[in-house]
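> Shown below is the structure under consideration.
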Amino acid sequence: MTDQPVDSWLTDMDGVLVREQQAIEGASQFLSELERLDRPYLVLTNNSIYSRRDLRARLLTSGLAVPEERIWTSALATAQFLSQQATGEGGSGTAFVIGEFGLTGALHEAGFVMSDRDPDFVVLGETRTYSFTSITQAIRLVLGGARFIATNPDTTGPSPDGPMPATGSVAALITAATGVQPYYIGKPNPLMMRSALNAIEAHSETTVMVGDRMDTDIVAGIEAGMRSTLVLSGVTRHEEVTRHPFRPTWVVDSIADVVPMVGELAGR
């Protein structure tokens with residue numbers, strides 16, 4: 001493991017900085033310390049519903065001031081990846097999209113045209129209103145040869161009433177009907193991490209990933225070549241850490257414990 005100074009930070013959002021739209025103790029201080037020491041950072045989320053502007057506003061209501069350019073979503077990573085894959089002039093292409101503005105807006109910005117007639121891609125993202133009609137259309141288009149992309153593999157998402165189906169569950173339905181597996185862009189795909197690193201011109205060997213899930217945040221960080229910090233304020237419990245065949249570099253109770261690490265690791 002490298003002992004190079006840490007120049008940059010990537011951090012998950014839910015379970016690390018916020019929980020149920022409330023800031024977790026230490027989150028504001030962590031962000032302030034990054035700004036004070038001029039450490040480049042990004043706040044990552046697999047949620048593709050919201051745009052950067054939406055997420056900035058939602059974080060502000062939790063008491064956390066995060067500039068739009070410091071937010072990176074699976075929708076943005078998906079749009080970037082597809083613009084590199086598209087064969088149209090200037091990286092343009094066509095896509096049939098199931099998702100919200102966070103995803104459709106990102107794809108529009110990348111030059112894509114939304115189409116349900118022989119699209120290059122079927123792109124599945126998060127939405128609160130999955131439609132049987134649109135899922136049926138997606139199945140037919142995938143069977144017709146459209147390439148199948150999903151923003152993230154999360155099978156459930158939180159809601160005030162409990163878990164609700166998310167992208168991974170709906171992708172499994174489409175796969176069952178077509179026999180075609182999607183290519184997932186978001187965590188734990190290290191592609192998400194690489195795109196985030198590129199966005200802030202950071203290097204994996206001098207960046208730390210902070211997350212609350214061993215099976216997405218930590219493994220993605222490890223596979224992308226970063227050091228990682230697991231916080232126990234979210235999904236993963238302490239006793240679950242040893243059940244995995246990989247280990248984070250550090251395990252701490254919450255983001256409050258990471259605040260002094262920003263300066264300490266920068267000075268190594």
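> List the residues whose amide H sits under 5 Å from the amide H of Thr94, counting only those 5 or more places along or on another chain, with H placed 1.01 Å from N in the peptide plane.
Counting only residues 5 or more places away or on other chains, the set is Val113, Asp120, Phe121.
> Here is a further query. Could you list which residues have their amide H under 5 Å from that of Arg227, counting only those 5 or more apart in sequence or on another chain, with H placed in the peptide plane?
Excluding prolines and chain starts, which carry no amide H, the hits are Thr207, Met209.
> Also, I was wondering about something else. What does DSSP give for region 1-97 in terms of the percent of beta bridges that are antiparallel, rounded to the nearest 5?
Taking every DSSP beta bridge within region 1-97, about 20 percent pair in antiparallel fashion.
> For region 45-150, what is the accessible area per residue in Å² when the probe is 1.4 Å?
Per residue, region 45-150 has 46 Å² of solvent-accessible surface.
> Counting other Cβ atoms within 10 Å, which chymotrypsin sites (Phe, Trp or Tyr not before Pro) in region 74-128 have at most 15 and lie in a DSSP loop?
Answer by residue number: there is no such site.
> Against the empirical 2.2 N^0.38 Å scaling, what ratio does the C-alpha Rg of region 198-268 come to?
1.09
> Report, in degrees rounded to the nearest 10, the 0 to 90 angle that the Cα long axis of helix 132-143 makes with the longest principal axis of the chain.
Around 80 degrees separate the two axes.
> Next up: Order these peptides, 169-182, 207-220, 7-20, 144-157, by their mean beta-carbon neighbour count within 10 angstrom, highest first.
Descending mean neighbour count gives 207-220, 7-20, 144-157, 169-182.
> Compute the Kirkwood hydrodynamic radius of region 177-237, taking the inverse of the mean of 1/r over all pairs of distinct Cα atoms, and give it in Å to one decimal.
For region 177-237, the Kirkwood estimate is 12.3 Å.
> Here is a follow-up. Restricting to bridges with both residues inside the chain, how much of the DSSP beta-bridge set is antiparallel, in percent to the nearest 5?
10 percent
> Across all directions of projection, what mean area in square nanometres is found for the Cα convex hull of the chain?
For the Cα atoms of the chain, the hull's average projected area reads 14.2 nm².
> Considering only region 99-199, what is the antiparallel percent among its DSSP beta bridges, to the nearest 5?
25 percent
> If I stretch the segment between Ala57 and Phe101 completely, what's the gain in nm (0.36 nm per residue apart, minus their alpha carbon distance), one decimal?
14.3 nm
> For region 1-148, what is the largest minus smallest coordinate of the Cα atoms on each principal axis, given in angstrom and ordered from greatest to least?
Principal axes ranked by extent give 51, 33, 28 Å for the Cα atoms.
> Semi-axes of region 135-176's equivalent ellipsoid from the Cα gyration tensor, sqrt of 5 times each eigenvalue, largest first, rounded to whole Å?
Over the Cα atoms of region 135-176, the semi-axes work out to 24, 10, 7 Å.
> Treating the angle as unsigned and between 0 and 90°, give the value, to the nearest 10°, between the Cα long axis of helix 190-199 and the longest Cα principal axis of the chain.
On a 0 to 90 degree scale, this one is about 70.
> Now for a different question. Per the 1.4 Å probe, what fraction of the accessible area of the chain, in percent, lies on carbon and sulfur atoms?
It is 49 percent, rounded to a whole number.
> Whose amide H sits under 5 Å from the amide H of Arg19, counting only residues 5 or more places off or on another chain, with H placed in the peptide plane?
Ile24
> Next question, about the same structure. For region 121-268, what does the equivalent ellipsoid look like in terms of its semi-axes, each the square root of 5 times an eigenvalue of the Cα gyration tensor, given largest first in whole Å?
Each semi-axis is √(5λ); the values are 34, 18, 13 Å.
The values are calculated or read from the model by the stated rules, or taken from the named source; none is laboratory data. Since we're looking at a predicted model, the values are computed, not measured. Methodologically, a virtual Cβ is constructed for each residue, glycine included, from the backbone with ideal geometry; neighbour enumeration extends over all protein chains shown. Just the protein is used for accessible areas: all its heavy atoms, side chains included, with ligands, DNA and RNA removed. Shrake-Rupley method; radii C 1.70, N 1.55, O 1.52, S 1.80 Å.
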